[in-house]
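Chemist: Pasting a structure below so you can have a look.
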Amino acid sequence: MREIKFRGKKVESGLWTTGYLVRCDGRAWILHPEGIATSYRKEEIFGKAEEWKAIILPKVFVVEVIPETIGQFTGLYDIDRTEIYEGDIIDTGYDKWIVKFGNGSFYATIPNTSFFLDLSREIINYYEIKVIGNIYDNPELIEELSKK
């Protein structure tokens, strides 16, 4: 089963962050759940003082992100083990493609064409696909793709 997570650019700094996505009223946040191992006496939890017990207390960090920059993790990695997200620009060695999601699956497309490429581990390995940027940080790559 693939990991469900998202990325987005932080409103405050413009830096990328990943985690779980929450949207409300046109705004979006990425949540970073973490666990903190803490020791408590058993009596504090169960009312008995017989032994110590380690429990995990959840801690969640919330970061507001720019909604237009949100992309979902495809569950796939390029040949360099870089995570592939919606909005990434990938290179097959022949062409550059933009990663998108539609009709229930992730695929890559070349702008202004009807070409598309279903993304799978087999396709990534066959074409030795690499992530070379994304549509938000590398608009010059999109211009280059659109000129073809």
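The values are calculated or read from the model by the stated rules, or taken from the named source; none is laboratory data. If you're wondering where the values come from, they're calculated on a predicted model, not measured in any experiment. All Cβ positions, even for glycine, are placed from backbone atoms using ideal geometry, and neighbour counts span all protein chains on display.
Chemist: Restricting to segment 108-136, and then to whatever is over 17 Å from the mean Cα position of the chain (by Cα), surrounded by 11 or more Cβ atoms within 10 Å (Cβ to Cβ) and among the aromatic types (Phe, Trp, Tyr), can you tell me which residue is nearest to ASP88 (Cα to Cα)?
Modeler: Only one residue tops the list, namely PHE116.
Chemist: Select, from PRO58, PRO139, the only residue that is in the same structural domain as GLU12 (by TED's automatic domain parsing), surrounded by fewer than 18 Cβ atoms within 10 Å (Cβ to Cβ), modelled with pLDDT under 90 and at negative phi. If you could, list the steps in order and put the result at the bottom.
Modeler: Details: PRO139 fails: in the same structural domain as GLU12 (by TED's automatic domain parsing).
Just one listed residue meets the conditions, PRO58.
Chemist: Could you pull out every one of the strands (runs of 3 or more DSSP E) wholly within segment 77-126 that has 3 or more residues that are in contact with a helix residue (DSSP H, G or I) (Cβ under 6 Å, 6 or more places away or on another chain)? Please lay out each step first, then the result.
Modeler: Numbers: elements: 83-85, 88-91, 96-102, 105-109, 116-118.
It comes to none.
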